[in-house]
Amino acid sequence: MSAGVAEQSRGPWEAAFARLRKNRWALVGFAFFVVITLACFALPAFAGLDAVTTNPVHKHLPPSSSHWFGTDSLGRDYLARVLVGGRTSLLVGFAATLSSVIIGVLYGAVSGYYGGRMDEVMMRFVDFLYGLPYMFLVILVMLLFSETARGNPLPVFIALGLVEWLTMARIVRGQVLGLREREFVLAARLLGASDLHVIGRHVLPNVAGVVTVYGTLTVPSVIILESFLSFLGLGVKLSWGQLVAEGVSVVNPIRSYWWLLAFPSVFLAATLVSLNFLGDGLRDAVDPKTR
Amino acid sequence: MSDSDDPKAVAAKPLLDVRGLTTEFHGDDRVVRAVDGVSFTVGKGEAVGIVGESGSGKSATALSILGLLPERATTAGSVVFDGADVFGLSPAALRSLRGRRIAMVFQDPMTSLNPYLRIEDQLAEVAVLHLRLSRRDAKARAVALLDRVGIADAKSRMRSYPHELSGGMRQRVMIAMALLCDPELLILDEPTTALDVTIQAQILELLRELRRERGLSIILITHDLGIVLGLCDRVMVMYAGRIVESSPVVPLFRRPLHPYTLALLASVPRLDGSAEGRLASIGGMPPRLDQGPFRECTFAPRCVFVHDACRTRDPDLVVVEPPGDAVSAVGDARDASARARRCVLPAERMP
Amino acid sequence: MSALLEVNDVSVQFPAQSGPIRALDGVSIHVDPGETLALVGESGCGKSTLARAILGLVTPNSGSMRFRGAPLEPLGTPSRRALSSKLQMVFQDPDASLNPRLTIGASIAEPLELGAARVGRAERRERVVQLLSDVGLDAALVGRYPHELSGGQKQRVSIARALAVRPELIVCDEAISALDVSIQAQVLNLLVDLRERFSLAYLFISHDLRVVRHVSHRVAVMYLGQIVETGTTRDVFAEPRHPYTRALLAAAPSLNPNQPTLPARARGELPSPANPPSGCYFHTRCPEVFERCSREKPLLYPVRGGRGASRCFLSDERK
């Protein structure tokens, strides 16, 4: 700790990033994730891959130099399918996470800050929702929108967001309850700040770290959920889950079209693991044991 | 305050002999030397105070002696307890030493006591483990001790959980636990800082009595000079990981020999003396302990008596009284009345 | 004489399973402009509760509190907001007093962005630099974050923030207790300087009598939710009338080798506010206890010709 002027001042965010940068596993996870994302979004256009054109003559071809991942039941290039499918999975993952974060943070912050009866009622509501078998709820929502669902990922976002915001709300509420009693929050209130100002200036920035960590860890769980839905046939048109489902459906003891199952599974698993490494690294960076 | 026999004879074979104790904490990109070449002795039945502010290394010294440092710390130097080299002991032998012959009481009893166990279980555990007593004998011994440390209605109190007791009572329990195996040396790290002032007074009185009764040697670590005056025979003042002054207690208060000691005494408001005027405060801040060997006196940037000479070298701890024993690298209290200081400026120039 | 802060017969009770806890029991104090009143006491004496009540965090069950004659409302109400430029507070824990996400400059500037004391951006910057200088800190600290500062520096920043609105009264709740000894002296000196320069009044809450003697004009000693002695600092320290005050004074370890520390004068443990003793609350620990003390509750009797008061039968000067 220096009283001198020479040292570069490090805010809490910069300090956290510095710690993150030292975490090899987190960096690896981050790198992998970036590579996968770029591949899914940029590569198909760049390399002129075609995920759509069917070519029944070339169906079920194993991986080769012309089709790196082989072809599927309709002769479509599987590499393209996997990459384009990835876009959906990733988009869904992020969009649903984002919506759950926004809802969860607002809900949790209000509940925690005001406390008392409001907090009790709000949290009981959360408990109630937790108790519902959410899988059924999600499936119900999907079925309700089944006509529009076939091309439109929106219902999926809603369904998944509905599920994930609960945990975020609880986490944020817990943090806010603690923060509310901290002296700097009291000081702000004493200065005559409005509740909105206090929450925006003092409370939320100090939960941002935790929210980032758990948000990052929510993405993989949403992606899995989406995959599961797709597997059940309730998902969006083309995603990793869908591809895995297709891969499973053609499993038979005579001819194994292993590439149909292997590649989407590997991509899916790699994405999940990378995000988990990153999330763990973020958690350590944001809340270091030695301070 | 030492009312035993000839201090020279008693201190001739010190119970604890620490030489050149140096402890470093290894962080990600730097090494902090928290304890830098600390040497001192504690005689049988002697009470020694280690005084310093935060970052002075006083707690780290005690933890180093007992081998209680975290993994990323390295220790050098030697610690000899009753003739045995502590650093050379096997882990089992060290464990046996701790608790049986050397006991430690920490500042916050809440973290030292297991919140899930009743007091009697925690105390009995210590006795059973170290003294091989039967459970019944262990409990009887515990009750007797709790009674001695002033816990009213000890027998029923034993059944309480830590959180049911007040801070003062918890600290008394900690003292009882420390005394369970009749240790020879008791190390106390800020034992009363977390307590209310009237309770603090009671605990200090208790420590004085216990010391008389049992001939305990004591190391008392604190930032409060007043407590040291009330309990200790000798004091060592620490700054930036080193001992800067070592002296019998009354002479230190009468006439401090190091500018830091002087400043410390001057910065504490008194109940006697003038209530007006500014308190002498010490400007600036303590040095960083990761900057490697110092080329000047560590206190120089903050010292009111600073001279050019002070910036040219890092002074050693030198015995100044009795004179004649002019240069010694060790602040040795084999002569319990010796006074040593670490300062470039001659002692005569101090006010 | 118009007191700045007037607390009249305030009681605060907290509900609890085993019955209500009386954290404050008929407490009356006043602080005049420019003067420093110290509230002294140990755990459970109610000084923190009193501070919270004055700040509007806790609503008293009975009694009244006024600032410049106007009643004090709970925190969050408009009248309390208007008060924010007159009544401020400095807390005990320097680490928790500053938002770790804001720079020092932003923390100090915040009061100047809100409400009555609001000023424009340019003037804010100037004022922040001026305030840093007032509390003895380098202007370069403006861009730093709290974790880069020492405890003493953080506490100075908290003081600067409190000063920004040019208050008339600052509540110092154990404001220096968490600091190192030599730093305490620095910050104490600062508080005294600022008091002179800005004509500040302080409500100085502390458990450390030595510090209190140095900084306050008047003292109120509290025990288990009650005021047990009041008076000018000089009087109370020279001639304490209540046995608890005497016990507190005796307990402070002496730094004078010619004057050893006196033996402890209060036996036993501090009673819990949930279960106060009968009669005089201090009787269970009092070295001068007699029969009446366990039966009757003593009142606050005037002593020293009305210049002070003591809640002890032995101080009842009426014949």
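Nothing in this text is a laboratory measurement; each read-out follows from the coordinates by a stated rule. Since the model is a prediction, treat every value here as computed from it, not as a measurement. So basically every Cβ, Gly included, is an ideal-geometry build from the backbone, and we count neighbours across all protein chains shown.
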Report task. Specify which residue in the list A:157, A:220, A:110 is farthest towards the positive end of the charge dipole of the range A:101-246, using unit charges on the beta carbon of Lys, Arg (+1) and Asp, Glu (-1), about the Cα centre. Result -> A:110
Query raised in the report: When chain B is treated as a GNM, springs tying every alpha-carbon pair under 10 Å, which of B:16, B:231, B:129 comes out with the largest mean-square fluctuation?
Result: B:129
Query raised in the report: So what's the angle, to the nearest 10 degrees on a 0 to 90 scale, between helix C:151-163 and the longest Cα principal axis of chain C?
Result: 80 degrees
Query raised in the report: When the gyration tensor of chain B is built from Cα positions, what are the square roots of 5 times its three eigenvalues, in whole Å, from largest to smallest?
Result: 35, 22, 20
Query raised in the report: Rg to Rh for the range B:57-142: what is it, with Cα atoms only and Rh by Kirkwood?
Result: 1.01
Requested in this report: Post the alpha-carbon centroid distance, the range A:193-230 to the range C:234-252, in whole angstrom.
Outcome: 55 Å
Report summary line: In nm, the gap between the two label points placed 7 Å beyond Cα toward Cβ at residue A:251 and residue B:266 is 8.4 nm
Report task. Sort C:291, C:35, C:317 so the one with the fewest other Cβ atoms within 10 Å of its own Cβ comes first. Result -> C:291, C:317, C:35
Report summary line: Listed residues C:257, C:243, C:71; largest mean-square fluctuation, Gaussian network over chain C with Cα springs below 10 Å, found at C:257
Query - Calculated FRET value between residue B:28 and residue A:197, using beta carbons and R₀ = 45 Å, to 0.05 - result: 0.75
Report task. Determine the relative contact order of the range C:102-164: mean sequence separation of Cα pairs under 8 Å and six or more apart, normalised by residue count, in whole percent. Result -> 49 percent
Query raised in the report: Could you put C:85, B:78 in order, starting from the residue whose Cβ has the fewest other Cβ atoms within 10 Å?
Result: B:78, C:85
Query raised in the report: For the range A:149-291, what are the per-bin percents of Cα-Cα distances with bins 10 Å wide, up to the bin holding the maximum?
Result: 10, 27, 26, 18, 11, 5, 2, 0
Requested in this report: Give the Rg (one decimal place) followed by the Dmax (whole number) of the range A:1-132, computed from C-alpha coordinates and expressed in Å.
Outcome: 24.1, 75
Report task. Counting only GluC sites (Glu not before Pro) that are in a DSSP loop and have at most 14 other C-beta atoms within 10 Å, tell me the longest site-free stretch of chain A. Result -> A:8-180
Requested in this report: Find me the longest stretch of chain B that has none of the exposed trypsin sites (Lys or Arg not before Pro), where exposed means in a DSSP loop (not H, G, I, E or B) with at most 10 other Cβ atoms within 10 Å.
Outcome: B:133-294
Report summary line: dims of the protein assembly as shown, Cα set, principal axes, largest to smallest, nearest Å -> 110, 71, 67
Query raised in the report: In 10 Å bins starting at 0, how do the alpha-carbon pair distances of the range C:70-182 split up by percent?
Result: 15, 45, 32, 8, 0
Report summary line: Total charge of the residues flanking residue A:49 in space, meaning their Cβ is under 13 Å from its Cβ, with Lys and Arg +1 and Asp and Glu -1, is +1
Query raised in the report: All other residues with a Cβ under 12 Å from the Cβ of residue B:286 taken together, and with Lys, Arg as +1 and Asp, Glu as -1, what is their net charge?
Result: +1
Query - Net charge of neighbours whose Cβ lies under 13 Å from the Cβ of residue C:137, counting Lys and Arg as +1 and Asp and Glu as -1 - result: +1
Requested in this report: May I ask you to derive the FRET efficiency for residue A:262 and residue A:128 from their Cβ-Cβ distance with R0 = 56 Å, giving the value to the nearest 0.05?
Outcome: 0.85
Report summary line: the range C:102-164: spread of alpha-carbon positions along the three principal axes, whole Å, largest first, is 31, 20, 18
Report summary line: 1/(1 + (r/R0)^6) with r = Cβ-Cβ of residue A:136 and residue A:52, R0 = 35 Å, i.e. FRET efficiency to nearest 0.05, evaluates to 0.55
Requested in this report: Give the percent of DSSP beta bridges with both residues in the protein assembly as shown that are antiparallel, rounded to the nearest 5.
Outcome: 60 percent
Report summary line: Scaled by the rule-of-thumb 2.2 N^0.38 Å, the alpha carbon Rg for chain C gives a ratio of 1.05
Query raised in the report: Which residues' amide hydrogens lie under 5 Å from the amide hydrogen of residue C:201, considering only partners 5 or more residues apart or on another chain, with H built in the peptide plane?
Result: C:34, C:169, C:170
Report task. For the range A:214-290, would you read off the P(r) tail past 14 Å as a percentage of all alpha carbon pairs? Result -> 66 percent
Query - From phi via Karplus (6.51, -1.76, 1.60), per-residue ³J(HN,Hα) for the range C:232-249 in Hz, x at Gly/Pro - result: 5, 4, 4, 4, 5, 7, 6, 9, x, 9, 8, x, 5, 4, 4, 5, 4, 5
Report task. Kindly write out, for the range C:125-138 in residue order, the coupling ³J(HN,Hα) from the Karplus curve 6.51 cos²θ - 1.76 cosθ + 1.60 (θ = phi - 60°), rounded to whole Hz, with x marking Gly and Pro. Result -> 4, 4, 5, 4, 4, 4, 5, 4, 5, 4, 9, x, 10, 5
**Report entry** Choice from B:338, B:138, B:275 with maximal GNM fluctuation in chain B (Cα, 10 Å cutoff)
**Finding:** B:275
Query raised in the report: Considering only DSSP beta bridges whose two residues both sit in chain B, what percent are antiparallel, to the nearest 5?
Result: 60 percent
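Hull surface divided by four, with the convex hull built on the Cα atoms of the range A:13-286: how many nm²?
Projected over every direction and averaged, the Cα hull of the range A:13-286 covers 17.8 nm².
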Query raised in the report: Mean separation of Cα pairs under 8 Å and 6+ residues apart, divided by the residue count of chain B: what relative contact order is that in percent?
Result: 21 percent
Requested in this report: Step through the table entries B:155/C:47; B:58/C:47; C:47/C:86; C:86/C:297, compare each Cα-Cα distance with 30 Å, and write down the pairs that go over it.
Outcome: B:155/C:47; B:58/C:47; C:86/C:297
**Report entry** DSSP bridge orientation in chain C - percent antiparallel, rounded to nearest 5
**Finding:** 60 percent
Requested in this report: Convert 20 °C to kelvin, take the viscosity as 1.002 mPa s, use the Kirkwood radius over C-alpha pairs of the range B:195-241 as Rh, and evaluate the Stokes-Einstein diffusion coefficient in µm²/s, rounded to a whole number.
Outcome: 182 µm²/s
**Report entry** DSSP H segments from chain A that extend 20 Å or more along their own axis, Cα-based, with Kyte-Doolittle mean of 1.0 or above
**Finding:** A:24-47, A:78-114, A:154-180, A:204-231, A:258-286
Report summary line: The simple spin-label model distance between residue B:307 and residue B:90, using points 7 Å out along Cα→Cβ, in nm, is 5.6 nm
Query raised in the report: Ranking B:186, B:66 by Cβ neighbours within 10 Å, fewest first, what do you get?
Result: B:66, B:186
